[in-house]
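What follows is one structure encoded as structure tokens, with my remarks underneath.
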Amino acid sequence: MQNQKASVALIVSTYNWPDALELVLKSIAQQTSMPDEIIIADDGSSQLTADLIESCKDRYKIPIIHIWHEDRGFQKSRILNKAVKEAKSDYIIEIDGDIILDPRFIKDHLEAAKPGFFVQGSRAMITAEKSNEILQSQKNHFSFFTSGLYNRFNALRIPAFSWIFQMIPSDPYHIKGCNLAFWKTDYISVNGYNNSFNGWGGEDYEFGARLLHRGIKRKLLKFAALSFHIYHLTNSRRNSDANDVIYRKTLKEKSSWCSDGYAQV
């Protein structure tokens, strides 16, 4: 069901990688259906990122809002909560600052939006060699036939076939915030992301689990809303065990609320 009347915010999380963010912003400027607002959720980047965002604002006829907080380590949950709090739109599409968008990304997400559901999109991965090439050239056009991709199946856009994969998985483990969409009211109903997550890993699984426990169903979106992930080295996972404890507790207790989340920022 297409939600033409729903306003949409595109939230882009980033940290100290302006070259990648510039590619992402270029891909947003090329959308066939623009969001109503773009919000950059900046987890403590240097002035270089702020300068880039300011220089890009003239490409858009819609607001670009830069939400920043001091760098105190990986606090993606907290900065996303701050970004969503600033959003004026009904529907939120969340991506990472290293995710290049197909020109019909927003259009496809809006056509998949439906009350009572959140949507998990997919991504094709760009190889390290190809990523280095595009970061230097700043060329951001991709398709199923582009060289330098793996899991190429995720780069195939056939929207008429999307319904084949619109299953409703109940396992939150593979929920990823790099291509995720939800209603702001649903986000608030579970108190958003859990600020207790510090360091890389698991905040999106745990958030998705609470949505599922609230009765909000998960839709898997294939063959549409294509995204392409720029290669980077794996983030430090030294705090992943502590984060996993929070996630497992949420699963065990079937929690649909966290005590330190959206309302607390």
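Overview of values
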quantity: Reachable aspartates and glutamates from Lys217, criterion Cα separation under 19 angstrom, eight or more residues apart if same chain; calculated: Asp90, Glu94, Asp108, Glu111, Asp171, Asp186, Glu203, Asp204, Glu206, Glu253
quantity: Cleavage-rule hits, GluC sites (Glu not before Pro), segment 172-265, DSSP coil, Cβ neighbours within 10 Å at most 12; calculated: none
quantity: Above-threshold pairs, the threshold being 24 Å between Cα atoms, out of Lys176/Lys252; Lys61/Lys107; Lys107/Lys219; Lys26/Lys107; Lys26/Lys219; Lys76/Lys249; calculated: Lys26/Lys219
quantity: Gyration tensor (alpha-carbon) shape descriptor, segment 8-264, a/c threshold 1.5; calculated: rounded
quantity: Segment 95-205: translational diffusion in µm²/s, Stokes-Einstein, Kirkwood Rh over Cα pairs, 20 °C, 1.002 mPa s; calculated: 133 µm²/s
quantity: From phi via Karplus (6.51, -1.76, 1.60), per-residue ³J(HN,Hα) for segment 141-147 in Hz, x at Gly/Pro; calculated: 9, 10, 8, 4, 8, 5, 6
quantity: Percent of beta bridges antiparallel (DSSP, segment 8-264, rounded to nearest 5); calculated: 35 percent
quantity: Relative contact order of segment 59-201, defined on C-alpha pairs under 8 angstrom at six or more residues apart (%); calculated: 44 percent
quantity: Relative contact order, percent, the chain [alpha-carbon distance under 8 Å, six or more residues apart]; calculated: 25 percent
quantity: Sparsely packed trypsin sites (Lys or Arg not before Pro) within segment 1-105, loop by DSSP, other Cβ within 10 Å at most 14; calculated: Lys5, Lys61, Arg72, Lys88
quantity: Whole-Hz couplings from phi, Karplus 6.51/-1.76/1.60, listed for segment 20-31; x for Gly and Pro; calculated: 5, 4, 4, 4, 5, 5, 4, 5, 5, 4, 9, 5
quantity: Long-range amide H partners of Val8 with built H, under 5 Å; calculated: Asp36, Glu37, Asp90, Tyr91
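Rule-based calculations on the coordinates, nothing more; no lab input. Everything numeric here is computed off the predicted structure, so don't read it as measured data. Neighbour counts are summed over all protein chains in view; Cβ atoms, including those assigned to glycine, are modelled from backbone coordinates with ideal geometry.
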